[in-house]
Amino acid sequence: HVKVDQLILPQLDKAAQYPTSACFEQVIAAAEERQVPTAEAQPGQTWPLGSGVLTVLGTGVQSDSYNDISVCTRFDAGSFGFLDTGDGEQAVEQALLDSGANVSAAVLKAGHHGSRTSNTLSFLQKVQPQVVVVSCGAGNDYGHPHKEALRHFAAVGAAVYRTDTRGSVVVGCSSSGQITVYCQKEGKAA
C-alpha cells in the first residue's frame, strides 16, 4: 500500500549465517516482485524525508544474533529527534555510543520491543528521551516489555506508550518542538 523507492537492508555479512526466516524471505520476495531496489545500509547514509532527514547511525555488530545486525536510524526535523535501534541489544547500543553518534532524541522507539537485553540505563541516559514508544503485542510469548526496561525508562523520566495496551501509537511534533502522542485506543494522549 506504500510506494517504496528503495529497501535498506542490514549488513548481512555481520550475521553468523544468512537469515532464512519466513518473514525475511517474504520481504525479499515482495521487493523482487515489485522491482524495488535494495541497498545495504552504511553508517552516515541520509535520505530526505518530508521536512526532515533520516540518517543511518549504525549497522549493528558482528554476531550470531540477527537482532544485533539491526540498522539503527535517526530522524531529525528542526529541533525534533527520533531514534530507532531496531532489535539491537546491549552490544549495539554500546557500539553506537563508542562511535560518537548523536543519540540524543526526544522520542525513542524502545530497543527490541522493550527487552531487558536492550534499553540499558547507560544508553538511555545518553538518549534522554521525553517519550519512549514500545512496540509489542498484547500477551506476547516473550513478556515484552520487560520490567527492567520499564524501570530504566522511568529512571530517565520518559513517558512510555505501549502498543500492547494503547494500540497504534503515532507521535507528532509541531514546528515549535511540541510533541503530541496519539494512541489508537485513547485518541490524543499528551
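The values are calculated or read from the model by the stated rules, or taken from the named source; none is laboratory data. Nothing here was measured: the structure is a model prediction, and the numbers come from that model. Glycine gets a Cβ as well: all are built from the backbone with ideal geometry, and neighbour counts include every protein chain shown. All accessible areas refer to the heavy atoms of the entire protein, side chains included, with ligands and DNA or RNA removed. Shrake-Rupley method; radii C 1.70, N 1.55, O 1.52, S 1.80 Å.
Results, tabulated for the structure shown:
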{"item": "Of all accessible heavy-atom area on the chain, the percent that carbon and sulfur account for (1.4 Å)", "result": "51"}
{"item": "Filtered chymotrypsin sites (Phe, Trp or Tyr not before Pro), the range 86-190: DSSP coil and at most 16 other beta carbons within 10 Å", "result": "142"}
{"item": "Cα gyration tensor category, rounded, prolate or oblate, for the range 72-190 with a/c compared to 1.5", "result": "oblate"}
{"item": "Alpha-carbon centroids, the range 13-86 and the range 110-162: separation in whole Å", "result": "20"}
{"item": "Pair residue 178, residue 35: separation of 7 Å Cα→Cβ label points (nm)", "result": "4.6"}
{"item": "Among 65, 79, 176: highest mean-square fluctuation, GNM of the chain, C-alpha pairs under 10 Å", "result": "176"}
{"item": "Sites excluded, trypsin sites (Lys or Arg not before Pro) in DSSP loops with at most 11 other C-beta within 10 Å, longest stretch of the chain", "result": "35-184"}
{"item": "Angle in degrees between helix 90-99 and the longest Cα principal axis of the chain, rounded to the nearest 10", "result": "90"}
